[in-house]
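Coordinate-derived values only; no laboratory data. Everything numeric in this text was worked out from a predicted model, so none of it was measured. Cβ: placed from backbone, ideal geometry, glycine included. Neighbour counts: every protein chain shown.
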Amino acid sequence: MKKHGIVAAMICFTAIGLTGVRAAEVNVDMEAELKAVSAFVWRGRTLNDEPCFQPSFSAGSGGFSANIWGSWNLTQASNSWQSSRVDASVDYRWIFGKHVVRPGFTSYIYHDDPGSKAKDTYEFFVNYTYDTLLLPSATIYYDFSEIEGVFVTLSVAHSYSL
């Protein structure tokens, strides 16, 4: 029941952000991805070393975005309930010159647990990116539910057209 309330709150959060936009001006960006991967690796840890199917769908408008991502085990692994889940997230992006700040919320839903051993968990995050060469960024994640911990990532990236 708690899971449904969290997902409903995420949908409302996104809808509130979209209500101030005139219908004639709404520009929604959407992206869908279907991936088959050789292993499920999350935050540097291999959760399942067997093949997995990982679809995702994202939609965003006016700085707001919502994402649904899933991972399903493609084999008969004994721990499939631990390595199969759905993540739902919402976030908002503010841009101040070359500074980009993106706070958000993620729900990790363990949907395939026959014995109810896996507990859903929830986290807030905030990402900061400086728009310059190599796009340096930092993200802080705070899980306030089952894990009750902090995870931090630092990254650089560069892209160019071929």
Exercise for the section: Take the Cα of residue 41, step 7 Å along the line toward its Cβ, and report every residue of the range 122-155 whose backbone nitrogen sits under 17 Å from that point. Expected result: 153-155
Exercise for the section: Would you mind calculating the gained length between residue 128 and residue 96 on full extension (0.36 nm times residue separation, minus the Cα-Cα distance), in nm to one decimal? Expected result: 10.4 nm
